[in-house]
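Here's the structure we're looking at; comments come further down.
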Amino acid sequence: MSRPKIVLAYSGGLDTSILVRILGDEYGYDVIACHADVGEAKDREKLAQKARQSGAVACEIVDAKDEFAREFCFPALQANALYQGVYPLSAALSRPLIARHLVAAARKHGADAVAHGATGKGNDQVRFDLAVKGLAPELKIIAPQRERNITRDAAIEYAQKHGIEVPASKKSPFSIDENLWGRSIEGGALEDPNVEPPEEAFAWTRSWKDAPEKRLPVSVDGQRLPPPELIARVGKVAGDNGVGRIDLMEDRVVGIKSRETYECPAAVALIAAHQDLERFTTLRQSLQVKQFLEQKFAELTYDGFWFSPLRHAIEAFNDEHARTIDGEVTLRLHKASLRVVGRTSPHGVYNHALATYGTADKFDHKAAEGFINLLGLSLHEFSRLHGGERQ
């Protein structure tokens, strides 16, 4: 009797390499590895060979770079898509594309299930699950990492025991995801929000220390100053480092466009620090409302409605919202660039035991599946009724 088939989203990394074997040996599936190339610059022949060595009965590798650029990156570019005003959604954009190819491979090979290596605490499990539910609600979704919470050390030990070649080791704590639109780095020292990311985590960007015409930046050192002096001090430091020039094609109230040029070094630096502290100390729902009101507040002020009842009401919201905005933010200023490299607060909504992927992990991974089923219930039912026709 032949075994059922399953299509696994395969990257060739540690997690998906061991999952090929686990799905075959412990779940009883014939595994088809599926890799959609969205710009990782991997050796396809070696990737396919590695999948088969891990136990896959077949390997589907799709050149999806053009598809990714045209159908995912460019629409995101048109939308100026920055999650919470910062993240350009590089990893998030690739997940529905990968899911689309998982479904295509499942139909090609007659598989009744798909699998992925996302954990029970991350965003990717939601993206993969809901994309598959929307495209092919009849397919079963298997997520062994979510069910078992396999730690990195355990995965490395499993790979070594079964002779599976993987690129990770205990000396390399970072988890990397990259494509045409960006590169994501997780794990290790990055799990402490007040530690500047170490240089070894980066591959695409040069350190500020190695930039041409090096000049060490300076920062406000925590000295308490009256508001006018504080603004002047921050403005001097930021301006000396080339931060704060603005060149804008502006829409005036009277209906014309005008090219406007500004120098606002203190405002740019202080707003960047304040936004980061807000993200660290407030809940997502508050931030969503706040971001909408920020735009309205700016429009009212620009249009001359400073003394309007609406602007006063927004200011009252901001006063209440600011009750937890307390802490310290470290900015790196250098040659017209500004980066937040650390933050700390007594009100930081961050729990290391919930966020870590290490052995101190206290997150309930198994609880995520029920959450996803409820979150995607309406999508699942719609797709069931309409046959997942929108692909």
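In degrees from 0 to 90, rounded to the nearest 10, what is the angle of the helix 44-54 Cα long axis to the longest principal axis of the chain? Its long axis makes an angle of about 60 degrees. Ligands, DNA and RNA are left out, and with a 1.4 angstrom probe the accessible area of the range 15-126 is 43 Å² per residue. Rounded to the nearest 10 degrees, the angle from helix 14-25 to the longest Cα principal axis of the chain is 30 degrees. Within the range 229-372, all pairs of alpha-carbon atoms sorted by distance into 5 Å bins from zero give the percentages 2, 8, 12, 14, 16, 17, 13, 7, 5, 4, 2, 0, 0. Compute the long axis of helix 265-281 from its Cα atoms, compare it with the longest principal axis of the Cα atoms of the chain, and write down the angle in degrees, 0 to 90, nearest 10. That works out to roughly 50 degrees.
The equivalent ellipsoid that matches the C-alpha gyration tensor of the range 257-332 spans semi-axes of 22, 20, 10 angstrom, in descending order. Compactness check for the range 292-391: Cα Rg over 2.2 N^0.38 Å is 1.76. The convex hull drawn around the Cα atoms of the chain, when projected onto a plane and averaged over every direction, covers 24.2 nm².
Extent along the principal axes, Cα only, for the range 1-138: 52, 32, 27 Å, with the longest axis given first. For the chain, give the percent of accessible area contributed by carbon and sulfur heavy atoms, probe 1.4 Å, rounded to a whole number. Here it works out to 54 percent.
Ranking Arg279, Arg384, Arg44, Arg95 by solvent-accessible area of protein heavy atoms (1.4 Å probe, all protein chains present), from largest to smallest, gives Arg384, Arg44, Arg279, Arg95. Can you flag which of Lys42/Lys140; Lys290/Lys335; Lys133/Lys362; Lys236/Lys335; Lys140/Lys366; Lys50/Lys161 are past 25 Å Cα-Cα? Flagged as over cut-off: Lys42/Lys140; Lys290/Lys335; Lys133/Lys362.
Result for the chain in a Gaussian network model with C-alpha springs under 10 Å: among Gly304, Gly348, Gly358, the largest mean-square fluctuation is at Gly304.
I want to verify a result. In a Gaussian network model of the chain, Cα cutoff 10 Å, which of these has the top mean-square fluctuation: Asp177, Asp276, Asp247? Residue with maximal mean-square fluctuation among Asp177, Asp276, Asp247: Asp247.
The values are calculated or read from the model by the stated rules, or taken from the named source; none is laboratory data. Keep in mind it's a predicted model, so treat the numbers as computed, not measured. With ligands, DNA and RNA removed, areas are computed over all heavy atoms of the protein, side chains included. Shrake-Rupley method; radii C 1.70, N 1.55, O 1.52, S 1.80 Å.
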